[in-house]
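These notes concern the structure reproduced below.
The values are calculated or read from the model by the stated rules, or taken from the named source; none is laboratory data. Quick caveat, the model's predicted, so the values are computed rather than measured. Cβ placement follows ideal geometry from the backbone for every residue including glycine, while neighbour counts extend to all protein chains displayed.
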Amino acid sequence: MYTAAPILALESATIETSNASGSSGTDFAEFYITFTVTAEGDDIYIASTTDYDDTSTGTDEITAIVDRSGTEAAASSAILSVDGADVVGGWGYYIPEGSTATFSIKITLNNVGGTAGDYRGKIKGIAWDTESDGSNNISWGDDVETWLEDLRTDYVYLVDY
């Protein structure tokens, strides 16, 4: 049980697709996940680094990846934007106790030359702390904190041209 922790809530999860190869079919996707973070019990810092090319949960970052029908895979890129919080202390986004910030992540996958299948974007892990330097950070991963599974999009079929 935590006396201080971030409270996360999904705002939206959408997908935009296109054709990157010039062949028929959809082979490129942008997965947009927007969620709020409310600081409960103390000031909270959320990691400002985003990892998208490793499927393990990082200990000091937000891990944003894709999965193909349940099999996790690296994304092509991930871009994080935050409204209502600034990086303080060099490690994370500062959210004062009782305040809420909105985090938006765009995860991209260029599936040209990849494996055809159903893909979705997801937040695999989030690191947070009550200290500005991240020295005591806690890393939540969707393998243990299964409620993180709420922070994902629906599936979309991508070809592999």
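Tabulated data for the structure shown
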| item | result |
| --- | --- |
| Yes/no for Gly92 being crowded, with 16+ Cβ neighbours inside 10 Å and either modelled with pLDDT under 95 or within 30 Å of Ala4 (Cα to Cα) (or both) | yes |
| Subset of segment 46-58 (residues that are closer than 21 Å to Glu72 by Cβ and either acidic (Asp, Glu) or not in a strand (DSSP E or B) (or both)) | Thr49, Asp51, Tyr52, Asp53, Asp54, Thr55, Ser56, Thr57, Gly58 |
| Any hit, segment 29-45, residues being of a type in the set (Ser, Thr, Tyr), part of a strand (DSSP E or B) and in contact with a Lys or Arg (Cβ under 6 Å, 6 or more places away or on another chain) | yes |
| Residue in segment 51-66 that is closer than 22 Å to Val159 by Cβ, surrounded by 15 or more Cβ atoms within 10 Å (Cβ to Cβ), touching a Phe, Trp or Tyr at 6+ places or on another chain (Cβ under 7 Å) and not polar (S, T, N, Q) present | yes |
| Among the residues listed as Ala39, Ala75, Ala64, the single one being touching a residue at least 60 places away in the same chain (Cβ under 8 Å), under 22 Å from Asn110 (Cβ atoms), in contact with a Gly (Cβ under 8 Å, 6 or more places away or on another chain) and among the aliphatic types (A, V, I, L, M) | Ala64 |
| Tally, over segment 22-49, of residues that are surrounded by fewer than 20 Cβ atoms within 10 Å (Cβ to Cβ), touching a strand residue (DSSP E or B) at 6+ places or on another chain (Cβ under 8 Å) and among the polar types (S, T, N, Q) | 5 |
| Residue that is nearest to Ile15 (Cα to Cα) [pool: residues in segment 147-161 that are at pLDDT 95 or above, surrounded by 19 or more Cβ atoms within 10 Å (Cβ to Cβ) and not charged (D, E, K, R)] | Thr153 |
| Among (1) more than 20 Å from Val66 (Cα to Cα); (2) of a type in the set (D, E, K, R); (3) in a strand (DSSP E or B), the one test that Glu11 misses | (1) |
| Residues of segment 14-28 satisfying the condition of being part of a strand (DSSP E or B) and out of contact with any Asp or Glu (no Cβ under 6 Å at 6 or more places or on another chain) | Thr14, Ile15, Thr17, Ser18, Phe28 |
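This table checks each residue for (1) crowded, with 22+ Cβ neighbours inside 10 Å; (2) at pLDDT 95 or above; (3) acidic (Asp, Glu).
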{"residue": "Glu97", "(1), (2), (3)": "no, yes, yes"}
{"residue": "Asn111", "(1), (2), (3)": "yes, no, no"}
{"residue": "Thr130", "(1), (2), (3)": "no, yes, no"}
{"residue": "Asp142", "(1), (2), (3)": "no, no, yes"}
{"residue": "Glu145", "(1), (2), (3)": "no, no, yes"}
